[in-house]
Every structure is written in structure tokens, then in C-alpha cells.
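The values are calculated or read from the model by the stated rules, or taken from the named source; none is laboratory data. For clarity, every value in this text was computed on a predicted model and none was experimentally measured. Backbone-built Cβ (ideal geometry, glycine too); neighbour counts: all protein chains shown. Keep in mind that these areas ignore ligands, DNA and RNA; they rest on the heavy atoms of the full protein, side chains included. Shrake-Rupley method; radii C 1.70, N 1.55, O 1.52, S 1.80 Å.
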Amino acid sequence: MKFKVNGHEVFASTGGRPFDKKKPLIIFVHGSGLTHMTWVLQTRYFAFHGYNSLAVDLPGHGLSSGKSLKSIEEMADWVSEVIDAVGHKKASLVGHSQGCLVTVECTSRYPNKIKTLSLMGGAGAIPMNPELLSLAENNDPKAVDLMMDWAHGPAGHFGGHPVPGLYHINTGTMLAKSRTIQNTLGVDFRACDNYKNGFEAAKKIKCPTLSILATDDKMCPVKEGKKLAALIDGSQVDIIDNCGHMMLLEEADRVLTVLKKFITTNYPPLSS
Amino acid sequence: MSDKKKELKPNTYKFDTLSLHAGYQPHKNAGSRQVPIYQTTSYLFDDVDHAAALFNLERGGHIYSRISNPTVGVLEERVASLEGGTAALATSSGMSAIFLTVMTLCEAGDHLVVSSQLYGGTVNLFRLTLPKFGIKCTFVKPRDTEGFKKAIQKNTKGIFGELVGNPGNEIMNMPEIAKIAHDAGIPLMVDATYQTPYLCKPFEHGADIVIHSLTKWMAGHGSSMAGILVEGGKFDWMQNDKFPTMIKPYEGYHGLSFAEEFGPTAFTMKARAEGMRDFGPCLSPQNAWNVLQGIETLSVRMKKHCSNAEEMVKYLSNHESVAWVSHPSAPNHPDAELANKLLPNGKGSMIAFGIKGGKDAGVAFINNVKLASHLANVGDTRTLVIHPASGTHSQMDEATLKFAGLSHDMIRLSVGIEDIDDIKNDFEIGFRAARKPRLVSNQ
Amino acid sequence: MSKNKHPETIALHGGDYRSDPATTAVAVPLYRTTSYQFNDTDHAANLFALKEFGNIYTRIMNPTNDVLEKRVAALEGGLAAVTVGSGQAASTFAIMNVCQSGDNFVSSTDLYGGTVNLFTHTLKKLGIECRYADPSDPSNFEKLIDDRTRCFYAETLPNPYLRVFPIKEVSDIGRKYSIPLIMDNTAAPVICKPLEHGAAVVVHSLTKFIGGHGTVIGGCLVDGGNFDWTKDPKRQPLFNEPDASYGGAQWGVVVPQLTGANVSYAVRARVVLLRDLGAPLAPDNAWGIIQGLETVPLRMKQHCSNAEKAVAFLQKHKNVDRVIYPTLHKGEIGERSKKYMKGGNGALIGIEVKGGVEAGKKFIESLKMFYHVANIGDARSLAIHPATTTHSQLTEEELLAAGVTPGYVRLSIGIEHPDDIIADLDQALGASGKPSLKAVS
């Protein structure tokens, strides 16, 4: 569906179900240079099981208009405005990669609005390799190729996509190249690199929190994810073997099962 | 970091590696190194919730082997990876891959612009069968790049062609025709059966959908029928209102918008969820496995196919019984420059040549070669010959025959991977018989 | 061998295959080849011009598939058959062989959910309109005919009501207008022969009872050879107007001339649709189905007698609100099962579990031996909850029109020992009646 935040049109996938104000809200926030489509194997399930799934495209990404936001803090405020814009008071947040920085910051800024927080491949800080950052800022498609290489574990590299017929790396590559690289990936990478408040923000989080980490994640290694989780009171951690940073696609079923249990327990659906 | 000085380079797997590994992980299949053949129709659901989730496309997985099968799935991913595509859908023949592609794109009242130099079966589909279901086509000669532009109408939904035309070896200017298609907001579909991704990856030259008859060089051994459609993932289905069924909520799937939900894989998802579900031309797991086996040797076979073909072009060009030879490797080929650009790894193994003495000589040649097989196929590991005017294209009336660029003296040769001297020796027998046709034509 | 009247014999010997001409092997060889060597150029030309019949290319025909085709044709009492890649492809071909853009056909409302999708949504995009008639009154079919109606379509033993279709009544109406009746006989091979009752064409999903083991996907069309395609040329233009793709052949005329048999429907499906649309059956799958076909008469007996025992048990069970089975219908519809079914009433049973959706779900999830899969006609017993699976892509209106209520469960009774089948049903029904321990799921 489409709605406006700060005068700019925002696109969010509702997982194939019309938006229904009565149902509890889950907002999914994608990673650097990507779009709502990375969440397709989670959002449709929640949409069909008593929730409003809202997989947003950040400004300037995917099908959303406007310019990309330049800092994690701005993105965190923007997510909070999304909750207001769709007429809700509260939401559960699910973030992937850069989306984890955004949702951690958002939860610490608006503790009363956020019911649960789920982090996929998250870390307290995501410092960028300077060369990769420079490639992305110079609009070099190699930045996407490098990111896709590092972001995928064995499943992504060899294949074995949970949806028959789909091939991981090329799908991710086309997604990341669907808009101008320097305006999406370039801005996002710089925002990640600049963001230093992750660990401090984590200490303020009081809502139920889940971290899903993967052993072959080269972008946000398990060690970093655990460091972040340790700062959040009562945080749950789930670690997936033989899987890379794109766990929400590489091990979509496993992620869904864990996420489902966590969210339905802490933020029950509207029973039909 | 110690290796900071080293240039960053993506370490994604290369073509030869992908042709052996892509789409499959042994640890998820009882450790079996080779892909298992899942000869099953159906798949157990964990519970009612799981079943419903699969049917609603809420999660990935298999329901029924008409729609998807794990063995077929490996093949689909492998071909997608080799082509550099995002997704693929395998079908029970190359023709059904073309048919499903058209059905996913078009409905009654729509129009396609189609290259006129096509496999005879494809010509029949576009010229005679699709119009019965309200889909009309305008044919354009492959070298007439501007002609593709002129033929585009308001209701045109795509451009379709074979990269190297059959049987005249005319090459369409894929990069320019792709630009024409994209300027008009429609996709370019390329049948790259004769090239395989080893010789050409059409997505790198602007194609949006690539179609293969896997029966041919991809499988290689002439044992199994199979087809596939592969999606490039670049085409934006939402840029205009030409593709409402890709964008608008689909009534057959609880209001699913394929373009919104699946983006770079939307076309394949729709082809499977609608076309394969309803029309049902599914590939059998056995055949998928045979094709996978074939793809493992694609690179080594294609090298030999191409080097044998180039040898044969030299041999035929200098032969007293041969009037003309057509192959993109021949220096006098009108598209030689384009061929070097689009087919840097080899020019394929399809040769057309004219035999001196016309139709009778052609018949005598075909009926007397011993090693080369006379049959209606191409891309076998074995050398194949046919005389189109009396075989594959015999269903065409005179006008269509001429339109397809055929002549009575033309012999079509699909060069195999036998020893090159054995092929040449066999041809000598054929040519000898062709020089005195009356003595042998009654055999 | 086709003159043998008994299905047990036809299943083993039907058609003209005795042994492999090359080696005398008795078991059917698996011809896993794409193409066939021509004898000479004349031979090639004759094959392509249909002056001579023979193997050209496996997309269009294959010797292994040929054995299966002749055997299924013999089993159904037809003249010729064409195998295709799936039952869905068979339904597609069945319609596309007679209809083109602007045409329509009349289908029974009682249909497999996948066929409803094909007819309602997908064929519509090709300009072919499906008009639905309620089969409880055969005259409903007549009311929907117009000048561009090309065929009738129905299933012998359709889910979910399991009302046996009035084959003769509807085919008689059709024949008055030169409209053929196409029967999907997937659920009732051996026990019903629609061609004997006036159907012109039979289609099968061979995946189901004929294949029998849940291993291969396949379909076929059987041409009854009992329909005059040329009687009203305006009614069947695809069989009477010249086909430019074959030098102007008029299929209804040229095929009987060439073959001496009225097999125009089968020949056109093969040389036009398989040629252009593809969808061939893999020879491996044909071989697998031939194997299954050999035991289909024996299996059908066991399927039917097990189903009868299960029906008797279910009718008495306190947690079952309703049992649906062909013989349980009242009045004329119930009588149809006697008229059309011989040697049994099929393996399919519908039940309404007491307690609606939740009880239905609980029942399915408590079954231990039955498989929860989207299939019917496996040798193993299967169960499914259509509202959440096979029919889940239909709207609520379409669901109700298709007779799928929330608590409805479809059973495909296998050939296990009947006591084991009943024991599994019993324990799952017991579980369905108990309150759920899970609070919110």
C-alpha cells in the first residue's frame, strides 16, 4: 500500500492482505540498498495470521519516493512516523542488517511505541570497508557484487532457495541494482559507517528482543551480534548453522518459525 | 588487516563451477553428492497451517510435482545461475517454455513482434496457433532492426526472437533490439537454445527473458525433452500499464500482486503459479536429472562442438560439391562482426550449406551418409543432418518456406563432438553419392 | 489384444504391443530418446506431411508412450489416446483442441479446484469462456448453448459432493447440437467407462489411480472415435476449416481418410497442440504409469471395497456429522451411481467432522497412517482439508459454490488393510472431539 510521511509517498507491502486497523502492526525494515522484497517469506505469513505486516521501502528505495535518509537516526525517526502515519500507536519492529541499527535506535528513542524488537544479522555498529564504501558512493556496480558475495552463505552461493526456481545471489543483485546505486547503497553504507550510538541505544531497550544470527555471516558476524544482544535485557538469541547474512531468505523457514514463536508469544495476533 | 592492499573482488563461483554445483547442497539431502531423483508426485504437509501457508505462497516449498519438484528445482536454479538470471521455470519441452512465456505475458487481444527466422515449430505456434487464442504476431526479418521498432503497436507486449536465426544463421542485433523494446516499455524474449549460456548470456546484452529447449545442447545427449524459461530480473513491470496481470491483485491468488511482492522474480513466480498450475506442462524429475547430468559437461562439449564446426566450415568452404556455406565463423558471414561481439566463446555448431546439384543432390547426400544421423533434432553429441525443405519445414506452404529463408539445396548440419576426421570422411561418402544422384536415389 | 473385454487382461495386454520388435523383450522398453533416424528423405517428407505415420520427435510421439496410449485407449474402450505431461495439461488440451478465442464451452460446476482456476481465470485470458451448469439437472447444459459452444466438460466422480455425473443424459443433449461431451474420468478408471455412455472424449490425470503409486505426473486424452466431427461444420470449425499449418488439412476429413479410423480429435491434439504448445509426457513417466496400469483393475477393487467399509464405519461414528459418498445421495442422483458405476463406487469419501474448522484441522493432524498431501489416488490413504489447501485460492463465494464447507475433509482411501484404515480414522476422530490443549495457535 501507499501512504505519505513528511509529504513523500511511501510504499509498503502488506503481504497480500488489505491493511486492517484492528490488527496489531509489525514493521519490517530492510538492509542497505535493498527493498521490502527481502521479507516476502515472512510478511505473507504474518499477514495471513492476524497481523498487519508492513514491509516498508525506506525513502528513495524500492517503490518509495523521496531521497534516501542520510543517517540511522533520521531513519529511526522515520520508522516512528510510519507508525503514526498508518494510524497505530504501537508496533513490533523487525530489522535486517542496517535495519537492525535503525530499529535499535528507534526502540531506544520511542520505548513506549515498540512492543517487541527482532534483529536479523544485527550488530551494534557496522563499520564499512572504506573501499566498498567508496565503490558504492561512486556508483560502481561492483559494490553490489561484493555485498552479494559477502552477504550469502553456502546456501546463497550454491543455491537451494526455499522458493523453487529462484536463485539467491542474482535475485539480491537485481534488487540492489533496481535504483541508482550511489543514491541507495552509497547513502546507506555511509549512514551505517557514521552510526556510533548502537551500543548505548541497546542498553535502553526494555521490550522483549530477539536476535537471529548466522554462523557464516561475514557482514555482521555472530560475535558482534552477541555483543549487541548482551546489552539488551533478557534478549533471546538464535544461531543458525551453515547460513549467511541473508538468513531471512537462505533459511527463510527457520527464521519464520523462530520469529513466529517470539512475536505471537509477546504480541499476540488478533484471533480470527 | 593484512590483505587490505589487495583489490576487492567478489568471489562468487564461475561458470564451470556453477554448472557442476549450482542449485544443490548435499548436506540438505542425506549427504548425497549427486542430486537425488525425487520421483514423487506429492509432499507431506507438517500440519494444516503449513499446508495453507504453502498454498498462499506465504512460504517456499513443494506441494505437488506439477508445480515444483526438488530435482527439477536444482535444474532451474542451475540454469538461472549459468544465465545470470534471478529465477527459472522448467517445462516438459522447449515449445511449452515458449508457450508458457507467451501466456504469462499476453492474453487475447495482445500482440507480439517476432523474428521471422525461427525453428519451424515456433513459426507454427506464432503464426497459426496463437492467433486462435487471440494473440497476434508481426514477423520481422532478424537483420531488420528498425523493422522491430516499426512493428510495435499499442497492444504489443514483447519482442521475441532466436539470437541466431534458424536455419539461415542470421543474427539479430540483440543490444539494439533490446533498446527498442525497452524504449517501448516491453520486454525482449530470446530463445538462446543454439548458444547455451556458455556461448552467450543474453541478459548481458539486454534480454529480459531467455528461453531454452534444454533438449538440445544443454542436455546434449539427445535423450530427454525439456525446456526452461529464465528471468533476467531487470525489467520493471510497473513502469507502464501494459502488464496489468503482473501488477494488479491477481484474483486466482487472493489478491497477490506479483510485481510488488516478487520484483525481480515476478515473471517466473507468475509463470509457475498461474501458467504451470493451469496448463500443466511440467518437467519429469527423471528428465530434469538427465539434463543436469548433461549440463555438467556443457563447457567441455561446447568447446568441441564449436571447434569441430569451425573445422567443418573450412572443409565445406573449400569443397567442390558445396555451393555456399553459412556459419557465423565464416569470414564472409554478413553478421561476422556482431557474432564476434555476442559470441566470443565460439559461434555454435549449426551450419547451413548449399549442395551443388540442388534438391536431388541434397536427397542423395542425406540418404548416403553413414555416421551423420538423419533426424529432426539439433544439438545432439552426435552429428546430425537434415534437408529442411523435405523435413522440418515441410509443413510450410511455399510462401512461408521462402519467408523463412529456405532453399531447396540447403542442408542443415548440427556438428557433433565425434573425431573431426571421421565426420569429414563420412561427408565424402555423401558428396560422392550426390555427384551421381540417379544411381542411388532409388535405394 | 484390444478385443479382450476384461479390464484385468487389457491392463496387461491392451493395445498392439506384444514384444519389442528389435529384441523381442516382453517388458515395454524405455525409449529415452528425443529423435528418430529417418530411413531416407522421402520417409522424412512423408512423416512431416502426415502421409505416413511414424516417429519424428519425442515431443510429438514416443514408442514407450505409444504403448501406454494404446493401453489406456483400450481400457476406456476408445480408439486412440494422446499422453501429455500432466492431468492439467490434458484438461487444457481437451478444451484448446476444440475452442479458440471467442468460443465457449459448458462445464459442470462439480470440478477439481485446479480445473476451476484454468477454466474461470486462465482460459478467459485467451478469449475462451467457460459457462457453468449444475449437473443435478442435465437440462441445465442445454440452456447455456449458443452458436459458439464447442464442447461440454465434466468429471465422472467429482469432489466434493461425489455426485456421479449424468453422462448419457448430457451427452445425448450434446449430440443433438454436434457438441461432444469430454469426461474427466480420473477418479473412476475401470469402474466407469464414459465412452460407453456417449462421451466423446475421456481425459485422465494418470498421476492418480492409473499411475497408482504417487510417483509420476502424467495425463492423457482418449478419443472415443464415436463422434462425428464433420456433421455440423459450423459447430466444429477447428475440424472442418483448412489448417494452414498442415497444407490446408481439414482434420475431420483428412484423418479418417488417412487412418481409416475416426480419430481426428486425437490426431489433431498430437500434431497441432503437442507440436506447438509442447507438454509431452516423459517416456520414463510413461513407463512408470504402464507399470501402475497393470494393477489398476486389482487396485480399484481394493480401493472401492476399503472405501465401502470406511463409509460404513464413518456413518456410525459420533464425531462425524455427515458422510459423502456416491451411493449415499438420495433419489435420482443416488440412482446414477447404480447406472454408471460397475464394480465399486470409488475411493473418495467426504466427511464433515463434528466441530467445524478446528475439529477438521485436529482430525487431519491426528492421523498417523493417512498422508496429508495434495493428491488423490495413491495406493496409500490420503487426507486433505480443501478449505485451507487445494481450494484456498478460490474466493469464499467460489468455495461455497464448489461445496467446500469449513469442516469438510476429503479422504482418498488406499489399498492398505481395511482394519488399519479404520483404526487410524477412529483414533483421529477421537482426538478431533477432544478440546485443544494449546491456548492460542
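Work out the mean other chain Cβ neighbour count within 10 Å for the residues of B:23-31 and drop it here as an integer. Before the final figure, lay out the partial values.
On the way: counts 6, 3, 7, 1, 4, 5, 1, 0, 0.
Partner-chain Cβ atoms within 10 Å, mean over residues of B:23-31: 3.
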Rounded percent of accessible protein surface that carbon and sulfur make up, chain C, 1.4 Å probe: 54 percent
Anchor B:Lys314: lysines whose Cα lies under 16 Å away (excluding residues fewer than 8 positions away in-chain): B:Lys304, B:Lys347, B:Lys424
Drop in accessible area of at least 30 Å² in the complex versus isolated chain, residues of the range B:268-282, 1.4 Å probe: B:Met269, B:Glu274, B:Arg277, B:Asp278, B:Phe279, B:Cys282
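Treating only the Cβ of Lys, Arg, Asp and Glu as charged (+1, +1, -1, -1), what charge dipole size does chain B show about its Cα centre? Round to the nearest 20 debye. The partial results should precede the final answer.
Working: 45 positive and 46 negative charges, 164 e Å.
Its charge dipole is roughly 780 debye.
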Per residue, in Å², the accessible surface of the protein assembly as shown once ligands and nucleic acids are set aside, probe 1.4 Å: 34 Å²
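Determine Rg/Rh for chain C; Rg is computed over alpha-carbon atoms and Rh is the Kirkwood hydrodynamic estimate from the same atoms. Walk me through the intermediate numbers first.
Values: Rg = 22.2 Å, Rh = 22.5 Å.
A ratio of 0.99.
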Total accessible surface hidden between C and B, rounded to 100 Å², 1.4 Å probe: 6300 Å²
Cα centroid separation, the range B:115-177 to the range A:39-100 (Å): 44 Å
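Using a 10 Å cut-off around each Cβ of peptide A:44-55, what is the average number of partner chain Cβ atoms that fall inside?
Values: counts 8, 6, 1, 2, 8, 5, 1, 0, 0, 0, 0, 1.
Going residue by residue through A:44-55 and averaging, the value is 3.
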Charge dipole magnitude, Cβ of K and R +1, D and E -1 - the range C:7-293, Cα centre, debye nearest 20: 260 debye
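Could you give me D for the range C:54-175, from Stokes-Einstein at 37 °C and 0.692 mPa s, where the hydrodynamic radius is the Kirkwood radius over C-alpha pairs? Units µm² s⁻¹, please.
Numbers: Rh = 15.8 Å.
So the translational diffusion coefficient is about 208 µm²/s.
Take the cross-link list A:Lys23/C:Lys354; C:Lys309/C:Lys434; B:Lys216/B:Lys270; B:Lys201/B:Lys341; A:Lys223/A:Lys261; B:Lys28/C:Lys368 and give me the ones stretching past 19 Å between alpha-carbons.
Numbers: A:Lys23/C:Lys354 30 Å; C:Lys309/C:Lys434 25 Å; B:Lys216/B:Lys270 26 Å; B:Lys201/B:Lys341 12 Å; A:Lys223/A:Lys261 24 Å; B:Lys28/C:Lys368 25 Å.
Too far apart for the 19 Å limit: A:Lys23/C:Lys354; C:Lys309/C:Lys434; B:Lys216/B:Lys270; A:Lys223/A:Lys261; B:Lys28/C:Lys368.
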Total accessible surface hidden between B and A, rounded to 100 Å², 1.4 Å probe: 4000 Å²
Per-residue SASA entry for C:Glu398, accessible area with 1.4 Å probe, Å² rounded to 10: 50 Å²
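How shielded is C:365-372 by partner chains, expressed as the average number of their Cβ atoms within 10 Å of its Cβ atoms?
Whole-number average of other-chain Cβ neighbours for C:365-372 is 2.
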Prolate/oblate/rounded label for chain A (Cα gyration tensor, a/c 1.5): rounded
Positive-pole candidate from B:Ala207, B:Trp237, B:Val164, dipole of the range B:15-295, charges at beta carbon: B:Val164
Positive-pole candidate from C:Thr83, B:Ser414, C:Gln427, dipole of the protein assembly as shown, charges at beta carbon: C:Gln427
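Nearest 0.05, what FRET efficiency do B:Lys9 and A:Phe199 give at R0 = 30 Å with Cβ-Cβ as r? Please list the in-between numbers first.
On the way: r = 32 Å, r/R0 = 1.08.
Rounded to the nearest 0.05, the efficiency is 0.40.
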GNM flexibility winner over chain C from C:Gln291, C:Gln427, C:Gln302 (Cα, springs under 10 Å): C:Gln427
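Students often check this: by mean Cβ neighbours within 10 Å, which of A:48-59, A:202-213 ranks highest, and how do the rest follow?
Working: A:48-59: 24.3, A:202-213: 20.8.
Top of the packing list down: A:48-59, A:202-213.
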Rounded Å value of the spacing that divides the Cα centres of the range B:217-264 and the range B:23-62: 22 Å
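What do you reckon, how do B:Trp324, A:Trp150, C:Trp229 stack up by accessible area (1.4 Å probe), largest on top? Could you put the intermediate results ahead of the total?
Values: B:Trp324 85, A:Trp150 60, C:Trp229 5 Å².
From most exposed to least exposed: B:Trp324, A:Trp150, C:Trp229.
Give me the percent of the accessible area of the range B:299-440 that comes from carbon and sulfur atoms, probe 1.4 Å, all protein chains in place. Mind dumping the intermediate values first?
Numbers: 2900 of 5620 Å².
Using a 1.4 Å probe with all protein chains present, the range B:299-440 comes out at 52 percent carbon and sulfur.
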log10 of Debye I(q)/I(0), alpha-carbon scatterers only, for the range C:297-432 at 0.11, 0.17 Å⁻¹: -0.37, -0.91
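Consider all pairwise Cα distances in the protein assembly as shown and report the whole-number % of them above 48 Å.
Values: 209895 of 667590 pairs.
So the pairs more than 48 Å apart make up 31 percent of the total in the protein assembly as shown.
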Cα gyration tensor category, rounded, prolate or oblate, for the range B:15-295 with a/c compared to 1.5: oblate
Inter-site label distance for A:His8 and A:Asn139 at 7 Å from Cα along Cβ, in nm: 1.9 nm
Cross-link partners of C:Lys51 among aspartates and glutamates (Cα-Cα below 15 Å; sequence separation of 8 or more within a chain): C:Asp40, C:Asp42
DSSP-defined antiparallel bridges as percent of all bridges, the range C:291-441, nearest 5: 85 percent
log₁₀ of I(q)/I(0) at q = 0.13 Å⁻¹ - the range A:1-148, Debye sum with one point per alpha carbon: -0.55
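Report the charge-dipole magnitude of the protein assembly as shown in Debye, nearest 20, computed about the Cα centre from +1 at each Lys and Arg Cβ and -1 at each Asp and Glu Cβ. Present the calculation step by step, with values, prior to reporting the outcome.
On the way: 119 positive and 118 negative charges, 204 e Å.
So the dipole magnitude of the protein assembly as shown works out to roughly 980 debye.
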Gap separating the Cα centres of the range C:65-89 and the range C:290-364, nearest whole Å: 27 Å
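Counting only protein chains, not ligands or nucleic acids, how are A:Ser65, B:Ser257 ordered by accessible area (probe 1.4 Å), most first?
Details: A:Ser65 45, B:Ser257 10 Å².
Solvent-accessible surface, decreasing: A:Ser65, B:Ser257.
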Options A:Ser64, A:Pro268, A:Phe3, ranked by Cα towards positive dipole end of chain A, top entry (Cβ charges): A:Pro268
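Calculate how many DSSP beta bridges within the protein assembly as shown are antiparallel, expressed in % of all such bridges and rounded to the nearest 5.
Values: 56 of 113 bridges.
DSSP beta bridges in the protein assembly as shown are roughly 50 percent antiparallel.
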Counting DSSP beta bridges with both ends in the range B:15-295, the antiparallel % (nearest 5): 45 percent
